[in-house]
Amino acid sequence: MSVKDDGRGTDTRADEHGRVVKKPVMATKDLRFFDLPEAERLPDGHPRRGMSVVAALSEWLIHTNRRLNGSWSQRYEHGVPVTDLEPVEADGTTGTCVRFLPDEALRSRWSLTAGHLARWSEHWPDLTVRLKDQRDGGDRSGR
């Protein structure tokens, strides 16, 4: 699965030694929202928890970050970073793309359909949802 936006990208900068570092959004609890009863609610009614939940429940996750000052990618396995930030070629865009493979235990219990995405996306009128199912090599696209 992948989720992509065209925002400014995750905060990434050089540290005092010149190494590129980013906000650790994928492997740490978002302390602004985690375990707070008054945590912001998503349109589906669930509390906001942060991307660390997605990373922890995925066999692998690749976070690609495009900013005006550079682009980088980092791989996680079961929520743990397994690579450093690796530069990727700029493509003239900004934003974040998170590609992930949900853990097998989740995939075996749940099947994503174009209908599910259409119903969920109704909560976000400015969101465009595209489904390209490549699980069996076929291309069953939906919107």
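Expected output is a single nm value to one decimal: the length gained when fully extending between residue 3 and residue 73, i.e. 0.36 nm times separation in residues minus the C-alpha distance. What is it?
23.8 nm is the gain from fully extending residue 3 to residue 73.
From the phi of every residue in segment 8-17, what ³J(HN,Hα) in whole Hz does the Karplus formula 6.51 cos²θ - 1.76 cosθ + 1.60 yield, where θ is phi - 60° and glycine or proline is x?
Ordered by residue, 3J(HN,Hα) equals 7, x, 5, 3, 9, 7, 8, 7, 5, 9 Hz.
Ignoring ligands, DNA and RNA, how do 4, 22 rank by accessible area with a 1.4 Å probe, largest first?
Final ranking, largest accessible area leading: 4, 22.
Using the Karplus equation 6.51 cos²θ - 1.76 cosθ + 1.60 (θ = phi - 60°), what ³J(HN,Hα) coupling, rounded to whole Hz, does each residue of segment 117-127 give in order, writing x for Gly and Pro?
For segment 117-127, the Karplus curve yields 4, 4, 5, 5, 6, 4, 6, 10, x, 8, 8 Hz.
The values are calculated or read from the model by the stated rules, or taken from the named source; none is laboratory data. Everything quoted here is computed from the prediction, not taken from an experiment. Ligands, DNA and RNA are excluded from the accessible area calculation, which covers all protein heavy atoms including side chains. Shrake-Rupley method; radii C 1.70, N 1.55, O 1.52, S 1.80 Å.
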